[in-house]
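The values are calculated or read from the model by the stated rules, or taken from the named source; none is laboratory data. Everything numeric here is computed off the predicted structure, so don't read it as measured data. Note: ideal-geometry Cβ built from the backbone for every residue, glycine included; neighbour counts use all protein chains shown.
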Amino acid sequence: MPGATEPRSPATAELTRTVGPGGPVPPRRRDHGAVEVVGAREDKPITTVRTSVTRGDGTVVLDGTAVCYTMSLG
């Protein structure tokens, strides 16, 4: 799994990220992560995604957005 500053794929560059305060996540837990595309520019390959991680007890431990630029590898 990539770290906070590593690219998510070789063809995507994260332009901005906004993340709200979260909570602790103990090691070796099975939690739910989600990424949803909430916007896409028609003139450029730029998308806005909503990201979240929710613990098994329903507590949201990460909630934010990211703006990404995606380029072709071919």
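Structure notes:
- Residues in the stretch 36-74 that are surrounded by 15 or more Cβ atoms within 10 Å (Cβ to Cβ) and not in a strand (DSSP E or B): Arg55 alone.
- Filtering the stretch 38-48 to residues that are over 11 Å from Leu15 (Cβ atoms), among the aliphatic types (A, V, I, L, M) and in contact (Cβ under 8 Å) with a residue 12 or more places away in the chain leaves only Val38.
- Arg50 meets the stated requirement of being at negative phi and at pLDDT 90 or above.
- The stretch 25-36 residues that are closer than 20 Å to Gly64 by Cβ, paired with ones that are surrounded by 11 or more Cβ atoms within 10 Å (Cβ to Cβ) and of a type in the set (Asp, Glu) (beta carbon under 8 Å, 6 or more apart): Val25/Asp31
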